[in-house]
Amino acid sequence: MAKIISQGTFDSVVLENVREFDMPLEEAINDAVKEFESQRDPAMLGPSLKAMVTLTESNPDILTDEGIEFLVQLIEEWKCRSDDPTIPEYLACWSIESCVKHEDNRQNLVAAGALSSLVSLLHANKSNSRVIKTTCKALRAYTLDDDIRQEFGKAHEHARILVEEYSMISVCLEMLKDWLHESDTASELLYLVGKLCVRAEYCQEAVNHGALAAINDVLLSFPNHPILNKQTISLLKAMVGNDKVKEEAMKSGIGQLVIAAMINHQSIPSVCEEGCGALSMLSLRVPAHAKQLVQAGGGQAVIQAMKTHPQNKQVQKLGCMAIRNMASRTQENRQLFVEYGAEEVIQTALKNHGDAVKDMAKAALRDLALKVELVEQWRGTGHEISR
């Protein structure tokens, strides 16, 4: 029978390492982790991993090369073990905290084989919703470009590896079929697919594996789950950057479902934000789509979202973009937006958010043929540049 160990017991071992052996805190925790791991006792390993997650969360710089190798090794060892289902979850959490806002850790973990290990962990725990959610978050952390200390990251390359080497788009969409009944798990699977649709061919791959059908199914079958609706619309927004996918999406009637979700979740800013973004992308450079969406109530849904969330910068910015894209090439839509009170909400957005929405707001006013003050940034003087 496994020995039960409390967090306090683990902490006392760490403290002993610090006091008796004069170890730095990171080394003391690593030593305790290895001690309990060497005993292969999940009850002892759990508290040590929890401590590592907490420590890394506050200081991801502590993850050394040795720590990276140890983390990947532990994931490999525990991915298929059922001694304690919380351990795979802690391992994925450790990976997340090591990667967020830390590009060097991301790249070093990838080099050490972390993506392969995490994908294997996901495959081995398809019936464990907590592990699925945490592992999806861990994989998504490798697609971030959030370290301001680095000029360039490898988010795109990491997404490519996950799609081309591990088929994660098809894997997630297949797993989604078994988890539609649980909105949090389904949301994480959809969120990961959206982060992987970084190329036109990946968007098409998602369609080929049933993404549009899944989106329609979710929006029709789970209208009262705002988080699930938000992630579903977010995935759609990513996919319709591909013009062929955009055409297929509109033929499927997905635009009306997005509008319905925006109306149903009018008070939820994240749903309104993603809805405005999706309508903007669906109507971009396609007047027929713009006309269809406005006739279905898309224009009114966008205006109402902006009125409901005047202090939400992203809703205002994406709302202005949606107005512009739905109105710019369709005279009939321009008149309707004026009747809906677009000028007032756009001016309110400018007043509340200034430079953050200025470009989109002024573009919307211009394409609605409304009064707008355009600043001339530069005018040539007619003189040659001195050499």
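Out of curiosity, is Val338 β-branched (Val, Ile, Thr) and open to solvent by 40 Å² or more (accessible area, probe 1.4 Å)?
Here the answer is yes, as Val338 does meet what is asked.
Please enumerate the residues belonging to segment 165-195 that are in contact with a His (Cβ under 6 Å, 6 or more places away or on another chain), modelled with pLDDT of 95 or more and open to solvent by 20 Å² or more (accessible area, probe 1.4 Å).
Ser170, the sole residue that qualifies.
Being modelled with pLDDT of 75 or more and either of a type outside the set (Gly, Ala, Ser) or crowded, with 21+ Cβ neighbours inside 10 Å (or both) is true for just one of Val18, Val53, Val13. Which residue is that?
None of the others qualify; the one that does is Val53.
Of the residues in segment 265-288, how many are in contact with a helix residue (DSSP H, G or I) (Cβ under 8 Å, 6 or more places away or on another chain), in a helix (DSSP H, G or I) and open to solvent by 10 Å² or more (accessible area, probe 1.4 Å)?
Total meeting the criteria: 5.
Just a yes or no: is a residue in segment 141-152 part of a helix (DSSP H, G or I), touching a residue at least 24 places away in the same chain (Cβ under 8 Å) and buried (at least 17 other Cβ atoms within 10 Å of the Cβ)?
Checking segment 141-152: at least one residue is part of a helix (DSSP H, G or I), touching a residue at least 24 places away in the same chain (Cβ under 8 Å) and buried (at least 17 other Cβ atoms within 10 Å of the Cβ).
Of the numbered conditions (1) in contact (Cβ under 8 Å) with a residue 40 or more places away in the chain; (2) closer than 16 Å to Leu63 by Cα; (3) open to solvent by less than 50 Å² (accessible area, probe 1.4 Å), Leu162 satisfies every one except a single condition; which is it?
(2)
Consider only pairs whose beta carbons are under 9 Å apart and that are at least six residues apart or on different chains; among these, list those whose first residue lies in segment 201-222 and is closer than 11 Å to Leu235 by Cβ and in contact (Cβ under 8 Å) with a residue 24 or more places away in the chain and whose second residue is of a type in the set (Ser, Thr, Tyr) and in a loop (DSSP other than H, G, I, E, B).
Between residues of segment 201-222 that are closer than 11 Å to Leu235 by Cβ and in contact (Cβ under 8 Å) with a residue 24 or more places away in the chain and residues that are of a type in the set (Ser, Thr, Tyr) and in a loop (DSSP other than H, G, I, E, B), the close pairs are Leu212/Ser252; Ile215/Ser252.
Scan segment 306-323 and tell me whether some residue there is over 18 Å from Ala361 (Cβ atoms) and either open to solvent by 30 Å² or more (accessible area, probe 1.4 Å) or part of a helix (DSSP H, G or I) (or both).
no
The values are calculated or read from the model by the stated rules, or taken from the named source; none is laboratory data. What you are looking at is a predicted structure, and each value in this text was computed from that prediction instead of being measured. Glycine gets a Cβ as well: all are built from the backbone with ideal geometry, and neighbour counts include every protein chain shown. Please note that ligands, DNA and RNA were not included when accessible areas were found on the heavy atoms of the full protein model with its side chains. Shrake-Rupley method; radii C 1.70, N 1.55, O 1.52, S 1.80 Å.
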